[in-house]
1. In region 45-70, what residues are assigned to a loop (DSSP other than H, G, I, E, B) and charged (D, E, K, R)?
2. Give region 29-64 a look and list any residue that's surrounded by 11 or more Cβ atoms within 10 Å (Cβ to Cβ) and either within 14 Å of the chain's Cα centre (by Cα) or free of Cβ contacts under 8 Å to residues at least 24 places away in the same chain (or both), or say none.
3. Restricting to region 1-11, and then to whatever is in contact with a Gly (Cβ under 7 Å, 6 or more places away or on another chain) and more than 15 Å from Phe55 (Cα to Cα), can you tell me which residue is surrounded by the most Cβ atoms within 10 Å (Cβ to Cβ)?
4. What are the pairs with Cβ atoms under 7 angstrom where one residue, in region 71-91, is assigned to a helix (DSSP H, G or I) and the other, located anywhere, is β-branched (Val, Ile, Thr)? Sequence gap at least six, or different chains.
5. Residue check, Ala23 against (1) among the small types (Gly, Ala, Ser); (2) assigned to a helix (DSSP H, G or I); (3) closer than 20 Å to Asp4 by Cβ, all met but one. Which one?
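No lab work stands behind these numbers, since they all come straight from the coordinates. As the structure is a computational prediction, the values presented were derived from the model and not from experiment. Here the Cβ positions follow ideal geometry from the backbone for every residue, glycine too, while neighbour counts run over all protein chains shown.
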Amino acid sequence: MEADSKAGKYLEHGEYEGKPYGAEIDSILEVVQTGRTCILDVNPQALKVLRTSQFMPYVVFIAAPELETLCAMHKAVVDAGITTKPWTDSD
């Protein structure tokens, strides 16, 4: 996988919980060429690759709610016992 990422075969790649992951460009093209829809959650930088006639993407940006709303949502999750993780300044 490391050699393929260096060769530019991945739209995105990285590591999650110590394991490598990636979205291979050829796999995405294979889905598109069969007439199916490939749903991707990618970083904005990946759009530079996707915005071609080859991929024909539909791009949807979802804006975060206001900070006040986020705080209320987090409080509701904590109050419900779903999480006990406090927010930090970086959150």
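1. Our first condition is that a residue be assigned to a loop (DSSP other than H, G, I, E, B); within region 45-70, this holds for 51-66.
Within region 45-70, Arg51, Glu66 meet the criteria.
2. First, the residues of region 29-64 that are surrounded by 11 or more Cβ atoms within 10 Å (Cβ to Cβ): 29-32, 38, 40, 42, 46-47, 49-51, 54-55, 57.
Within region 29-64, Glu30, Val31, Cys38, Leu40, Val42, Ala46, Leu47, Leu50, Arg51, Pro57 qualify.
3. Initially, region 1-11 is screened for residues in contact with a Gly (Cβ under 7 Å, 6 or more places away or on another chain), giving 1, 5, 10.
Okay, now just the ones that are also more than 15 Å from Phe55 (Cα to Cα), so 1, 5.
On the way: Met1: 12, Ser5: 15.
Across region 1-11, the extreme among qualifying residues is Ser5.
4. Val77/Thr83; Val78/Thr84
5. (2)
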